[in-house]
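Worksheet: the structure to be examined is printed underneath.
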Amino acid sequence: MKFDRHKAFPYPVLRPYNDDFIDLEFQINAEWEVEGETAKVKIDYAISSEDIKQTIEHGNAVYISVISCRDTYTRNNVESNTPYSEAIFSVNDLRGEVRIDSYVVVVNDVPFFQSPDLNPEFGLDPIKYGVGDVMAQDETYVYYFNKEHFKPVESVFDLVIKASQPKGQWTIGFEGDHIQIEVNPLMKASIDSARNSKKNRYILLNSIYSVAVTQAIQLLKENPDDFSENTWAKVIFNQVNTHNCNLENDPAYLVAQKLLRFPLLLLENFIFKGGDQ
Amino acid sequence: MKMRFLKADRYRELHSQIELNLDLYRNGNFDFLNIDTSCYIDTVRNVDEGLVSQIYCDQDNHREIQNCLLLYEAMGDLSLYHARDERLWVYLLHTQLLQYSRNRWPIPQEDDKAIKHISLHFFVNGVRGFERDNAISRLWWMASLCNRVKELSLEESLTCFLEQYDVRTSIIERPNTSQNTIVFSSILLKLSESFKKDKKFFDREFFRSAMKNLNLIGGTKLLSALDKNTINLILDDCFSVSPVSPS
């Protein structure tokens, strides 16, 4: 049962954009934690209808979240009579769009539901809810799940040849799923060869990649919706959350440093101090 | 043999060069993908080469059920995550299963049609490319879905699921039906009963009508919150109503 603000139920349902219940709300907050091979989702429910809360407390309704992944045909329900539930998945069972649809659902017939918060158009007679009927529904919470999104930011860059590029210059293409760093053919060969050494990789991280990540973050700060479907943007958004950065307020160069785990330290530890021997 | 994934850039290259490779698709092979180690990523998982080599079909007999069973078993404990990676299927298709794919989805003579056909069946495109169009991944995904039905053997489930294209499509394209294991299993059990009798439920109009009835109920009751017995009672009602004849 998808959330549809235009849908008409044959009974009152507390849901957004609808006045079956006057001035009341049902909202969830879901947070994903990914660690190793498991993904845990924690769901908090907030409902301001005392009468629906009581129905839950009396054991006649429960909070239910249906967590579904269209790509893998995975679907799990979490059910709770308290305003919190959690579920654990294998990261191998989720890919692409993962939706959380949350409800308060009747589990025992409720033949005489009454509430002063009901819209008067329902009249004075008690409402009858049957098993499976929905008393409250929140909008769908969508999460885009891809193991790649938990990879380091550096993983979304491709070094590619641009034949017309002057040798010392490089440019960046943001159109694809990966960010393309475009270099002259000779420079590409030179960098490919240099990347075999750890020291050289740290230098590249502090030069080309730092600049490219900063530029990517700046683009996302300015136009977050323009790139919302690109994998590189999803990876960066995920890393921004993981590192508790504030994309709106923090300067791009500072966010980039956090996302690259302060690459200047690599220069200090492995090059200035003569490490990596 | 090791399970291999085509490298992403090779995938893009191959997909962009269908026209250039038309002769290879029609009469040749892509053996270089097996030989050139820069084309693929080796994984630690294995694919049972013996089972894969038994996958075949001809124009008169697609052997869908047997091929689903063979591929599903050959891929071992492939995760859903990896099964949703086009690079895996496109590599397998262009190497071990190229001839099967050609036989199952014969390439049109006309070049323009051939290019579209190859893009559709030899690569993975769009939302339903994995389970509907790609010559190889569809076999695995149909078996994977049917394997969720614990009350029937995989072969029995596949037999019912693959019997009628419209029935299969009606199920797959309704996430509330295909994702919900209880609903999906209950429908396949109904189909299995019907398969053994008069196959009435496989009638296109009848099945569509039953699914429409289920949609109506699913519009006001949260099917995910209901137990198996309740779902079965609902389905009994849905399948007992005859379709309305068009006037």
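The values are calculated or read from the model by the stated rules, or taken from the named source; none is laboratory data. Note that the structure is a prediction, hence the values are computed from the model and not measured. All Cβ positions, glycine included, derive from the backbone under ideal geometry; neighbour counts span all protein chains shown. Protein only, heavy atoms only, side chains kept; ligands, DNA and RNA dropped before computing areas. Shrake-Rupley method; radii C 1.70, N 1.55, O 1.52, S 1.80 Å.
Here residue A:56 passes the criteria (1) within 14 Å of another protein chain (Cβ to nearest Cβ); (2) at pLDDT 95 or above; (3) assigned to a loop (DSSP other than H, G, I, E, B) except the one numbered (3).
If only one of B:59, B:66 is polar (S, T, N, Q), closer than 29 Å to residue B:168 by Cβ and without any contact (Cβ under 8 Å) to a residue 24 or more places away in the chain, which one is it?
Exactly one of B:59, B:66 is polar (S, T, N, Q), closer than 29 Å to residue B:168 by Cβ and without any contact (Cβ under 8 Å) to a residue 24 or more places away in the chain, namely B:66.
Among the residues here, residue B:11 qualifies as over 23 Å from residue B:51 (Cβ atoms) and crowded, with 16+ Cβ neighbours inside 10 Å. Just one of the listed residues (B:187, B:172) is within 12 Å of chain A (Cβ to nearest Cβ) and surrounded by 13 or more Cβ atoms within 10 Å (Cβ to Cβ), namely B:172. Considering the range B:204-213, and only residues there that are out of contact with any Lys or Arg (no Cβ under 7 Å at 6 or more places or on another chain) and free of Cβ contacts under 8 Å to residues at least 40 places away in the same chain, the residue that is farthest from the other protein chains (Cβ to nearest Cβ) turns out to be B:205.
Within the option set B:99, B:59, B:17, being surrounded by fewer than 14 Cβ atoms within 10 Å (Cβ to Cβ), under 23 Å from residue A:160 (Cα atoms) and more than 14 Å from chain A (Cβ to nearest Cβ) holds for one residue only, B:17. The single condition among (1) open to solvent by 30 Å² or more (accessible area, probe 1.4 Å); (2) of a type in the set (S, T, N, Q); (3) within 30 Å of residue A:68 (Cβ to Cβ) that residue B:46 does not satisfy is (3). Of the residues screened, residue A:160 is not one that is more than 30 Å from residue A:265 (Cα to Cα), of a type in the set (Val, Ile, Thr) and touching a strand residue (DSSP E or B) at 6+ places or on another chain (Cβ under 6 Å).
So, in the range B:139-168, exactly how many residues are outside any loop (DSSP other than H, G, I, E, B), more than 23 Å from residue A:93 (Cα to Cα) and open to solvent by 30 Å² or more (accessible area, probe 1.4 Å)?
Residues that pass the stated criteria total 5.
Listed by first and then second residue, the pairs with beta-carbon distance under 9 Å, at least 6 apart or on different chains, first residue in the range A:208-226 and part of a helix (DSSP H, G or I) and open to solvent by less than 60 Å² (accessible area, probe 1.4 Å), second of a type in the set (Phe, Trp, Tyr) and at pLDDT 95 or above, are A:208/A:170; A:210/A:253; A:212/A:170; A:214/A:253; A:217/A:253.
Residue A:15 falls short on exactly one of the conditions (1) within 14 Å of chain B (Cβ to nearest Cβ); (2) in contact with a helix residue (DSSP H, G or I) (Cβ under 9 Å, 6 or more places away or on another chain); (3) over 30 Å from residue B:143 (Cβ atoms), and that condition is (2). Just so you know, in the range B:172-184 the residues that are part of a helix (DSSP H, G or I) and in contact (Cβ under 8 Å) with a residue 24 or more places away in the chain include one that is farthest from residue B:226 (Cα to Cα), and it is B:172. Figure legend. Inter-residue proximity from the range B:106-118: first residues at pLDDT 95 or above, second residues in a loop (DSSP other than H, G, I, E, B) and open to solvent by 100 Å² or more (accessible area, probe 1.4 Å), beta-carbon distance below 9 Å, spacing 6+ or different chains. Indicated pairs: B:106/B:59; B:111/B:19; B:114/B:19; B:115/B:19.
State all residues of the range B:29-40 that are without any contact (Cβ under 8 Å) to a residue 60 or more places away in the chain, touching a Leu at 6+ places or on another chain (Cβ under 9 Å) and over 14 Å from residue B:1 (Cβ atoms); if no residue qualifies, say none.
Here is the first cut: in the range B:29-40, the ones without any contact (Cβ under 8 Å) to a residue 60 or more places away in the chain are B:32, B:35-40.
From what's left, touching a Leu at 6+ places or on another chain (Cβ under 9 Å): B:39-40.
Correct list: B:39 only.
Let's see how each residue does on (1) free of Cβ contacts under 8 Å to residues at least 12 places away in the same chain; (2) not hydroxyl-bearing (Ser, Thr, Tyr); (3) not in a loop (DSSP other than H, G, I, E, B):
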| position | (1), (2), (3) |
| --- | --- |
| A:169 | no, yes, no |
| A:186 | no, yes, yes |
| A:234 | no, yes, yes |
| A:244 | yes, yes, no |
| A:266 | no, yes, yes |
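Checking residue A:40 against (1) among the basic types (Lys, Arg); (2) under 30 Å from residue B:82 (Cβ atoms); (3) within 14 Å of another protein chain (Cβ to nearest Cβ), which test does it fail? In the conditions (1) among the basic types (Lys, Arg); (2) under 30 Å from residue B:82 (Cβ atoms); (3) within 14 Å of another protein chain (Cβ to nearest Cβ), residue A:40 misses (3) alone.
Within the range A:171-185, the residues that satisfy the criterion of being hydrophobic (A, V, I, L, M, F, W, C) and either farther than 15 Å from residue A:156 by Cβ or open to solvent by 40 Å² or more (accessible area, probe 1.4 Å) (or both) are A:172, A:183. Scanning the range A:7-52 for residues that are part of a loop (DSSP other than H, G, I, E, B) and open to solvent by 60 Å² or more (accessible area, probe 1.4 Å) gives A:8, A:10, A:17, A:19, A:22, A:23, A:25, A:36, A:37. Looking at residue A:230, is it touching a helix residue (DSSP H, G or I) at 6+ places or on another chain (Cβ under 7 Å) and under 28 Å from residue B:9 (Cα atoms)? No; evaluated as a whole, the condition is false for this residue. Please work out if residue A:102 is under 22 Å from the mean Cα position of the chain (by Cα) and outside any helix (DSSP H, G or I). Yes; evaluated as a whole, the condition is true for this residue. Selection within the range A:86-135: residues that are of a type in the set (S, T, N, Q) and open to solvent by 10 Å² or more (accessible area, probe 1.4 Å). The member of this set that is nearest to the other protein chains (Cβ to nearest Cβ) is A:92.
Go through the residues of the range A:69-80 one by one and say whether even a single one is over 25 Å from residue B:219 (Cβ atoms) and away from chain B (no Cβ under 12 Å). Within the range A:69-80, not a single residue is over 25 Å from residue B:219 (Cβ atoms) and away from chain B (no Cβ under 12 Å).
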